[in-house]
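Quick notes on the structure that follows.
The values are calculated or read from the model by the stated rules, or taken from the named source; none is laboratory data. Source: prediction; values computed, not measured. For neighbour counting, all protein chains shown are included, and Cβ atoms are generated from backbone atoms with ideal geometry for every residue, glycine included. All accessible areas refer to the heavy atoms of the entire protein, side chains included, with ligands and DNA or RNA removed. Shrake-Rupley method; radii C 1.70, N 1.55, O 1.52, S 1.80 Å.
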Amino acid sequence: MKIKTSMDLEKTLFCGQFFRTQALDGGYLVYFKDQRIWARQGEGFLEVQGPVARRDLEDFFDLNRDYQAVEETLASHEFLRPALTAASGIHILRQDPWEVVVAFIISANSNIPRIRKSLFALCQNYGIKRQDQWGTYYSFPRPQDLAGVCREDFREKIKLGYRDQYLVKTTRQILEGQVDLEALKETKDKDLAMKELRKLSGVGPKVAHCILLFGLHNWQGFPVDVWMKRALKKHFPKSGEKDYEALAQDLFGPYAGYAQQALFYHAKLNQMEG
């Protein structure tokens with residue numbers, strides 16, 4: 001299947017929002033919705049193989065949004081233009097909120113290779129075994145699949161360290177209905193969503209914003225980490241770190257999440273080139 005799109009597959013998969021992917025034969029195996037596909041970047045199109053409906057691909061890769069219009073709107077901020085140019089082609093994936101919760105709880109004080117390794121280990125130990133044209137793989141475990149897992153198992157099998165306690169508690173909170181992720185996908189109230197997400201064990205402000213943006217697909221999410229602090233401090237030296245979220249909402253409005261991705265990607269790119 002070939003889908004015409006200006007999306008940049010590699011930028012989108014490796015900009016820090018998504019972790020379950022593997023390089024294969026000039027493209028990538030991409031895991032989502034208990035499925036996996038093989039995707040390759042073409043000249044103005046995306047080539048995809050796998051038993052998945054086109055509408056699911058369009059939804060997951062957010063292909064029906066006019067990202068060029070988003071970039072043109074944000075380009076009114078002159079300081080943002082270099083970041084928008086560098087990040088052009090990034091799409092914000094429509095991921096499963098539960099997977100995003102787990103991924104970003106695991107991400108605390110970690111790095112991308114380690115996060116990837118932990119998530120694949122989690123799937124292999126607690127997901128459903130499946131078979132496709134590329135061999136054996138495992139689905140992402142549902143909360144009920146993790147219900148009986150203790151801290152020691154997470155620590156020994158998944159190598160989560162102190163994060164084991166957060167995953168045990170958060171799994172219980174979701175199963176007990178203390179936080180309804182599916183309901184939060186429907187709310188437009190950022191503050192209400194953030195308040196609910198912060199109830200989850202191991203979820204602080206930055207992780208909550210990651211879940212808001214990548215899991216609930218609410219573009220008011222604006223995760224602030226060390227890279228964002230450096231980028232914003234450079235352009236807004238008089239603003240304190242506590243004001244960065246409010247600053248982003250004032251500057252970028254409904255496109256704050258995409259502005260964050262552009263700034264983050266550009267900052268990381270500059271570090272690699274430097």
Qualifying position, being among the aliphatic types (A, V, I, L, M) and farther than 28 Å from Pro113 by Cα, among Ala267, Ala193, Ala259: Ala193
Residue list for the range 6-16, restricted to those being at pLDDT below 95 and open to solvent by less than 70 Å² (accessible area, probe 1.4 Å): Cys15, Gly16
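Residue by residue, here is whether (1) touching a helix residue (DSSP H, G or I) at 6+ places or on another chain (Cβ under 7 Å); (2) without any contact (Cβ under 8 Å) to a residue 24 or more places away in the chain; (3) among the charged types (D, E, K, R); (4) at negative phi holds:
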site: Val102; (1), (2), (3), (4): yes, no, no, yes
site: Ile106; (1), (2), (3), (4): yes, no, no, yes
site: Asn109; (1), (2), (3), (4): no, yes, no, no
site: Ile112; (1), (2), (3), (4): no, no, no, yes
site: Arg116; (1), (2), (3), (4): no, no, yes, yes
site: Ala121; (1), (2), (3), (4): yes, no, no, yes
site: Arg130; (1), (2), (3), (4): no, no, yes, yes
site: Trp134; (1), (2), (3), (4): no, no, no, yes
Answer residue from the range 101-136, given it is surrounded by fewer than 18 Cβ atoms within 10 Å (Cβ to Cβ) and in a loop (DSSP other than H, G, I, E, B) and is farthest from the chain's Cα centre (by Cα) among those: Gln133
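Could you check how many residues of the range 163-209 are open to solvent by less than 40 Å² (accessible area, probe 1.4 Å), part of a helix (DSSP H, G or I) and either farther than 26 Å from Cys150 by Cβ or not polar (S, T, N, Q) (or both)? Break it down into steps so the answer makes sense when it comes.
Restricting attention to the range 163-209, the residues satisfying the condition of being open to solvent by less than 40 Å² (accessible area, probe 1.4 Å) are 163-164, 167-168, 170-171, 173-174, 179, 181, 184, 187, 190, 193-194, 196-197, 200-204, 207-209.
Subsequent filtering for residues that are part of a helix (DSSP H, G or I) retains 163-164, 167-168, 170-171, 173-174, 181, 184, 190, 193-194, 196-197, 207-209.
Adding the requirement that they be either farther than 26 Å from Cys150 by Cβ or not polar (S, T, N, Q) (or both) leaves 163-164, 167-168, 174, 181, 184, 190, 193-194, 196-197, 207-209.
Matching residues across the range 163-209 total 15.
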Selected residue (only one of Lys238, Lys190, Lys234 is of a type in the set (Lys, Arg) and modelled with pLDDT of 85 or more): Lys190
Any hit, the range 39-56, residues being at pLDDT 95 or above and charged (D, E, K, R): yes
Single match in Glu156, Glu78, Glu152, Glu72 (criterion: modelled with pLDDT of 95 or more and among the acidic types (Asp, Glu)): Glu72
Of the criteria (1) open to solvent by less than 40 Å² (accessible area, probe 1.4 Å); (2) modelled with pLDDT of 95 or more; (3) over 16 Å from Ser118 (Cβ atoms), which one Leu146 fails: (3)
